[in-house]
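Right, one structure below, let's go through it.
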Amino acid sequence: MDMKRYSRQIVLKQIGEANQKKLLEKTILIIGLGGTGSAAAEMSSRLGVKKLILVDRDRIEITNLHRQILYDMDDLKEYKAETAAKKLQKINPDVEVEFHNSAFDSSLAYMVNSADLVFDGTDNMTT
């Protein structure tokens, strides 16, 4: 792992090398990859977490593009989770990315136990 990638955040006394090393061991589960979820996924990848687990059932629509910064015109009609995974791997190939093109329901609830942080980016109360 090349720590030089994270040198600008390591110099912050709130992070430092010790806390950066902790980040490199963390797993984040992001449910919903719309406006807030896609931004959280991108920033988490750039911060250098160990693993991202992405869950979203939706496909990218033109109405998403003005607020969902991870996607562009070439991504229309593609699954958000799969597209996000591909882009995040390009941003930081050291981050392991797992994706699920499905709704988050009781069949996926087991994933909560494997995450250090769960980010709720959903847009419905059912989830």
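The values are calculated or read from the model by the stated rules, or taken from the named source; none is laboratory data. Note that this is a predicted model, so its numbers are computed, not measured. Glycine gets a Cβ as well: all are built from the backbone with ideal geometry, and neighbour counts include every protein chain shown. Surface accessibility is based on the protein's heavy atoms, side chains included, excluding ligands, DNA and RNA. Shrake-Rupley method; radii C 1.70, N 1.55, O 1.52, S 1.80 Å.
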Self-check item: Using a Förster distance of 35 Å, the FRET efficiency for LYS13-MET43 (Cβ separation, nearest 0.05)
Solution: 0.95
Quiz item: Taking Cα pairs under 8 Å and at least six residues apart, what relative contact order does the chain come out at, in percent?
Solution: 31 percent
Self-check item: Solvent-accessible heavy-atom area per residue, rounded to whole Å², over the chain at 1.4 Å
Solution: 60 Å²
Quiz prompt | Under the Karplus curve 6.51 cos²θ - 1.76 cosθ + 1.60, θ = phi - 60°, whole-Hz ³J(HN,Hα) for region 9-22, x wherever Gly or Pro sits | solution = 8, 5, 5, 6, 5, 6, 10, x, 5, 4, 6, 5, 4, 5
Quiz item: Could you give the angle, 0 to 90 degrees to the nearest 10, between helix 80-91's Cα long axis and the longest principal axis of the Cα atoms of the chain?
Solution: 30 degrees
Practice problem: Have a look at LYS13, LYS21, LYS87 and tell me which one the Gaussian network model of the chain (Cα, springs below 10 Å) gives the largest fluctuation. | Solution: LYS13
Quiz prompt | Choice from LYS22, LYS51, LYS80 with maximal GNM fluctuation in the chain (Cα, 10 Å cutoff) | solution = LYS22
Practice problem: Determine, for region 28-120, the count of lysine pairs separated by eight or more sequence positions (or lying on different chains) whose alpha-carbon distance falls under 20 Å. | Solution: 10
Practice problem: For n ≥ 4 DSSP H runs only, could you compute -39500 (n - 2.57) per run for the chain, divide by its residues and tell me the 222 nm figure to the nearest 500? | Solution: -8500 deg cm²/dmol
Quiz item: So for region 28-110, Kirkwood radius off the Cα pairs, Stokes-Einstein at 20 °C and 1.002 mPa s: how many µm² s⁻¹?
Solution: 172 µm²/s
Quiz item: Percent antiparallel among DSSP beta bridges with both residues in the chain, to the nearest 5?
Solution: 5 percent
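Given a 1.4 angstrom probe, I'd like the percentage of the accessible area of region 28-120 that is carbon and sulfur, rounded to a whole number.
Reported share for carbon and sulfur atoms: 53 percent.
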